[in-house]
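**Q** Before I ask anything, here is the structure I am working with.
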Amino acid sequence: MSVTTTPFPVATEAAAPPSVQRVGVIGSGTMGAGISELCATRGLSVTLAVSRRPSLAAAPARIAAALDRRVQRGRLTATERRAALARIAVTDDLAALADRELIIEAAPEDRELKKALFSRLGQVTDDSTILASTTSAISITQLAAVTARPERVVGVHFFNPVVALPLVELVATLRTPPAVTARVAAFVTTGLGKQQIPVTDRSGFVVNALLVPYLLAAIRMVESGGGSAETVDRAMELGCAHPMGPLKLADLIGLDVVTAIAGALYEEFKQPLYAAPPTLLRMVESGLLGRKTGRGFYTY
Ligand SMILES: NC(=O)c1ccc[n+]([C@@H]2O[C@H](COP(=O)([O-])OP(=O)(O)OC[C@H]3O[C@@H](n4cnc5c(N)ncnc54)[C@H](O)[C@@H]3O)[C@@H](O)[C@H]2O)c1
């Protein structure tokens, strides 16, 4: 009997995945504006889809103001600012995203809204487009399931502020082929200059599953008279060298976003540490959402 063996594995050069040049972004809030700005300053073409007519003018103005701040701080030249803005087109028609290689959904953290968007995206795009969500806690698998092409759907969980923070959690589902994940990983690293960490599709991924219970515990501490927001924040800033205390951070993230993530974590794991405390719920019901509305645990 003759046995043929391969003496050593032959190193084959894996072909680099094709780079992403045309990006679509949905939503021009905290994350969508930041992701659009980042992509445009990295030389990528961006089509930004908004849901309300006033945002057609407000979204580019918001991004222009963010770019202005970077020019003032000497981090960008006026020429780079102009070039970046020229790479962004704004639309209120999702069908205008049909030519995009990658679409990043950054609409509010509302499962039914996101499902409706992914269902529509599945209709207006074909196999050449990868669909991504920057959801913090909603199952990517559920979003993938409502499209006609679940194997083209991933999660790209950016952090706020998008331009400054280096991490993107990259979420593949059980149906995402390695080639799709590799292409998105290359977009994040080579295209955007960020670092990616592969994470499992479970609510909160890694960072929020650890961070949100901490924020909720800090809110419970304020609620139960354990200290004011300022005291709790100063304690964590000075005692643990955190750059920002938990109440300031919750205000920065958005109290509605924190509540939505807590709800999704609670739904998935059914553990009390994920339950939003009443103070947080009342603040959100009152429209006190943090920095974005001018008032949360602090006034801005
Ligand atoms: N804020 C954070 O720190 C943070 C960090 C990481 C991920 N996320 C996630 O990113 C997503 C967006 O969060 P955000 O903080 O930017 O929210 P946001 O409320 O600031 O922005 C959402 C934007 O989407 C728009 N919108 C609503 N419906 C739309 C539709 N059908 N089509 C297009 N736009 C629509 C809203 O008008 C708003 O401008 C959420 O899933 C959130 O969980 C947020």
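The values are calculated or read from the model by the stated rules, or taken from the named source; none is laboratory data. Small disclaimer: the values here were computed from a predicted structure and weren't measured. Note that each Cβ is placed from the backbone with ideal geometry, even for glycine, and that neighbours are counted across all protein chains shown. These accessible areas exclude ligands, DNA and RNA; they are computed on the full protein's heavy atoms, side chains included. Shrake-Rupley method; radii C 1.70, N 1.55, O 1.52, S 1.80 Å.
**Q** Can you pull the percent of the stretch 110-215's accessible area that's carbon plus sulfur, 1.4 Å probe, other chains left in place?
**A** 60
**Q** Using amide H atoms built in the peptide plane, which far-off residues or other-chain residues are under 5 Å from Ala89 H to H?
**A** Those lying under 5 Å, H to H, from Ala89 are Val46, Thr47, Leu48.
**Q** In addition: Which loop-located GluC sites (Glu not before Pro) does the stretch 69-122 contain, where loop means any DSSP state but H, G, I, E or B and the Cβ has at most 14 other Cβ atoms within 10 Å?
**A** Of the GluC sites (Glu not before Pro), not one in the loops of the stretch 69-122 has a Cβ with at most 14 other Cβ atoms within 10 Å.
**Q** List the aspartates and glutamates whose Cα lies under 15 Å from the Cα of Lys115, skipping any in the same chain that are fewer than 8 positions away.
**A** Glu105
**Q** With each pseudo-label sitting 7 Å past Cα toward Cβ, what's the Ser51-Thr190 distance in nm, one decimal?
**A** 3.5
**Q** Could I ask something else about it? Trypsin sites (Lys or Arg not before Pro), restricted to the stretch 98-177: which are DSSP loop and have at most 13 other Cβ atoms within 10 Å?
**A** Answer in residue order: no site qualifies.
**Q** Checking the a/c ratio against 1.5 first, then a/b against b/c, what shape does the Cα gyration tensor give for the stretch 68-224?
**A** oblate
**Q** Same structure, new question: Take Leu281 and Ala95, extend 7 Å from each Cα along the Cα→Cβ direction, and tell me the distance between the two endpoints in nm.
**A** Inter-label distance under the simple model: 4.3 nm.
**Q** Right, here's the next one. Just subtract the alpha-carbon distance of Val71 and Arg149 from 0.36 nm times their residue separation and send over the number in nm, one decimal.
**A** Length difference between fully extended and current span is 24.0 nm.
**Q** For a test of the definition: using alpha carbon positions, the gyration tensor, and the 1.5 limit on a/c, classify the stretch 204-281 as rounded, prolate or oblate.
**A** Note, shape of the stretch 204-281 comes out prolate.
**Q** Which whole-Hz couplings ³J(HN,Hα) result when phi for each residue of the stretch 266-276 is put into the Karplus expression 6.51 cos²θ - 1.76 cosθ + 1.60, θ = phi - 60°, listed in order with x for Gly and Pro?
**A** Once rounded to whole Hz, the list reads 4, 4, 6, 10, 6, 10, x, 5, 9, 6, 5.
**Q** Okay, moving on. Alpha carbon centre of the stretch 111-140 versus the stretch 35-75: separation in Å?
**A** Centre-to-centre (Cα) distance: 22 Å.
**Q** What does a probe at Tyr298 reach in the stretch 207-235, counting residues whose amide N is under 16 Å from the point 7 Å along Cα→Cβ?
**A** 219, 228-235
**Q** How many Å² of accessible area per residue for the chain, probe 1.4 Å?
**A** Computed with neighbouring chains in place, this is 49 Å² per residue.
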